[in-house]
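Inspection log for the structure reproduced underneath, given as structure tokens.
Every number here is computed from the coordinates shown, using simple stated rules; none is lab data. Values in this document were obtained by computation on a predicted structure and should not be read as measured data. Cβ placement follows ideal geometry from the backbone for every residue including glycine, while neighbour counts extend to all protein chains displayed.
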Amino acid sequence: MTQEYGATVSGGRTTFRVRAPKAEALWLCLFEGAGEQRLPMAREGEDWIAEIARDLSGQPYGYRADGIWSPEQGLWFDPAKLLVDPYAIELDRRFVQRPDLATFGVDTAPIVPRAIVPVPSPKPDPTPPHFQPGDLIYEINVRGFTMLHPDVPETLRGTVAALAHPSVIAHLKKLGVGAVELMPIVAWIDERHLPPLGLSNAWGYNPVAMMALDPGPCPGGVEELRQTVAALHAEGIGVILDLVFNHTGESDIHGGVLSLRGLDDAAYAHAADGTLINDTGCGNTLDFGNPYVRRLTRDALRHFVTSCGVDGFRFDLATILARGPGFAADAPIFAEITADPILADRVMIAEPWDCGPGGYQLGAFPKNWLEWNDRFRDDVRRFWRGDGSIGDVVTRIAGSSDVFGPATRTVNFLAAHDGFTLADTVAYAARHNDANGEDNRDGHSENFSWNCGVEGPTDDAAIRARRDADVRAMLATLFASTGTILLTAGDEFGRSQMGNNNAYAQDNAIGWVDWERRDVALEDYVADLAAKRSAQQARCTAFPQDGDWQDAEGHAMTAAQWENPATGTVHYRGPDYALSVSRERHTVAWDVKS
């Protein structure tokens, strides 16, 4: 039987197990108030264990490891560093970024979170996922989504629990949301450059402890997430967690020693000369050729399913999961997830790219995975901007068979957390990221955006009307499309980030959803689109193949018309389905005959 990592309580005893194959000594650190008790752990192969003859449920703890300190060789052993258990599921505080985290010999116990020994609890068999392919996914930044919500009590704003508030649920149901996709809520740390700028990471894509919920957005821990999932499930809404298994917040060689780095640096991918591989652009890359990394990933997924009831997962920079070092479509992690009885029926969604060589892998993931489709976003934007072909946009509407084949696995979206909001896509021709403190160098430089004649806000009624028409046309394109669709919270009512297309560090009015100034007419329009799509759910996963494509005059479309950017209108006519796209009229209309 495989031994459990982390802290487990059974029969009145508490067992701690952690992997640290190259350590020379390891201590279990138990905290009581300001006091710390260090207990030597015993080596058992590549693991270290400590058994305490009492129930330590709720006890704060950490580890310290001794051995060679030689970062250039991947050896980071420093007993002055308090280390977070990679299998921790609850922490007593948030991570803070300090230079001491990377300085040899400086005690970090005063600033590093302590894990909490979990209280044993029964884990019921998970129910089948509430979400089905073809549904609407609603992407939420948990903190930013409710910080300004007028109906949510101030004590709940910015937390996972706020998502269970009746006003929030009513909004989700109005939009026909099939599942909320929560941007990262596991414990993360700020990037090193942010504190000196007076900024903080507001998105969470810099995790340290892969199973521990961050006490900021989820102060109630596992129980808070479990109750929120149950409340959403009761309304027919699934929950998908956006997880980051591609890197950790320990960053590059100048980063801190917080957890894996101080225990088992082999969890990170290294080049032949020992340097850290950085296929993520975040300083390090987790090595999925390492069986321990794959086990940690699977155990984290199983924890969120069995302990919290979540329906599925979206994997940030998912190409990393299949690197060894190049991408392999048959990478072990995919088969291991499929073979796992707890995970086999969960919704798995890939962001199918990373920053490394050959990192763009749209369409290459397993046939039972969904994939974010950025080609949908770009082709739809270009078409409505006026310089994209109607052939490209129709291919995207029809499920992107050029990428996925006849059985689509696409997740179509117009905008996501990174990049312009939908409203900003038609109001800004260039990014405006000055608030990020990087002289507007960060974020995507090509957004396929346009400003309709004026950069940013305007009182010009004609320009405002044009922007509104463009946004509505893109939304109609999304809801008419075959495949799963994704809407980022606030895009349904015109949320703006004032031209910032990389608001990861804007935990303020730039990044928060403004509920008071929302465009209710646009919101109602989206609700109508959602109701129509919901009534025709069977068509959402397969585009009809038995009709004819016609131009504006009713003639069969020619190859030249499909490719000509000047072609703005096309009609599809079939026995049971009709679709019309008109750039001139700013309309997308579809109908399914019963």
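Quick look at the values:
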read-out: Additional length obtainable on full extension of the chain from His444 to Asp378, 0.36 nm per residue less Cα span; value: 22.5 nm
read-out: The range 42-176 pair-distance distribution - Cα-Cα, 10 Å bins, rounded %; value: 9, 23, 26, 22, 17, 3
read-out: Candidate lysines for bridging to Lys173, where Cα separation is under 27 Å - those fewer than 8 sequence places away on the same chain excluded; value: Lys532, Lys593
read-out: Amide proton proximity set for Ala25, modelled H, under 5 Å, gap of 5+; value: Asp66
read-out: The chain: relative contact order as a whole-number percent, Cα under 8 Å and 6+ apart; value: 12
read-out: Amide H contacts of Ala202 (H built 1.01 Å from N, under 5 Å, at least 5 apart or other chain); value: Ala505, Gln506
read-out: Fewest-first ranking of Glu455, Glu44, using other Cβ atoms within 10 Å as the exposure measure; value: Glu44, Glu455
read-out: Net charge contributed by nearby residues that have their C-beta within less than 9 Å of Leu83 (K/R +1, D/E -1); value: +2
read-out: Per-residue Cβ neighbour rank within 10 angstrom, fewest leading, Val96, Val257; value: Val96, Val257
read-out: Directionally averaged projected area (convex hull, Cα atoms, the range 6-116), nm²; value: 7.0
read-out: Three-way shape label, the range 548-592, alpha-carbon gyration tensor, a/c 1.5; value: oblate
read-out: Rounded to whole Hz, the Karplus (6.51, -1.76, 1.60) HN-Hα couplings of the range 40-46, x for glycine and proline; value: x, 9, 9, 6, 9, x, 8
read-out: With Cα atoms, 0 to 90° folded angle of helix 461-480 axis to the chain main axis; value: 70
read-out: Contact order normalised by residue count of the range 455-532, Cα under 8 Å, 6+ apart, percent; value: 33
read-out: Footprinting exposure proxy for Glu563, Glu336 (fewest neighbouring C-beta atoms within 10 Å first); value: Glu563, Glu336
read-out: Backbone N within the range 407-427 under 20 Å of label point (7 Å from Ala535 Cα along the Cβ vector); value: none
read-out: Hz values of 3J(HN,Hα) by residue in the range 108-115 - Karplus curve (6.51, -1.76, 1.60), Gly and Pro given as x; value: 10, 4, x, 10, 8, x, 9, 6
read-out: Built amide H within the under 5 Å cut-off of Met348, gap 5+; value: Phe313, Leu370
read-out: Within the chain, helix-based [θ] at 222 nm, where runs of 4 or more DSSP H residues each add -39,500 (n - 2.57), nearest 500; value: -6000 deg cm²/dmol
read-out: The chain: radius of gyration and largest Cα-Cα distance (Dmax), Å; value: 24.9, 83
read-out: Dipole moment magnitude, nearest 20 debye, the range 6-116 about Cα centre, only Lys, Arg, Asp, Glu C-beta charged; value: 160
read-out: In the range 503-575, the trypsin sites (Lys or Arg not before Pro) that fall in loop regions by DSSP, at most 11 other Cβ within 10 Å; value: Arg517
read-out: From phi via Karplus (6.51, -1.76, 1.60), per-residue ³J(HN,Hα) for the range 208-216 in Hz, x at Gly/Pro; value: 10, 9, 6, 10, 7, 5, 5, x, x
read-out: Dipole axis of the range 548-592 (+1 Lys, Arg; -1 Asp, Glu on Cβ), positive-most option in Met557, Ala589, Gly574; value: Ala589
read-out: Dipole magnitude of the chain, debye to nearest 20 (Cβ charges: Lys/Arg +1, Asp/Glu -1, about Cα centre); value: 840
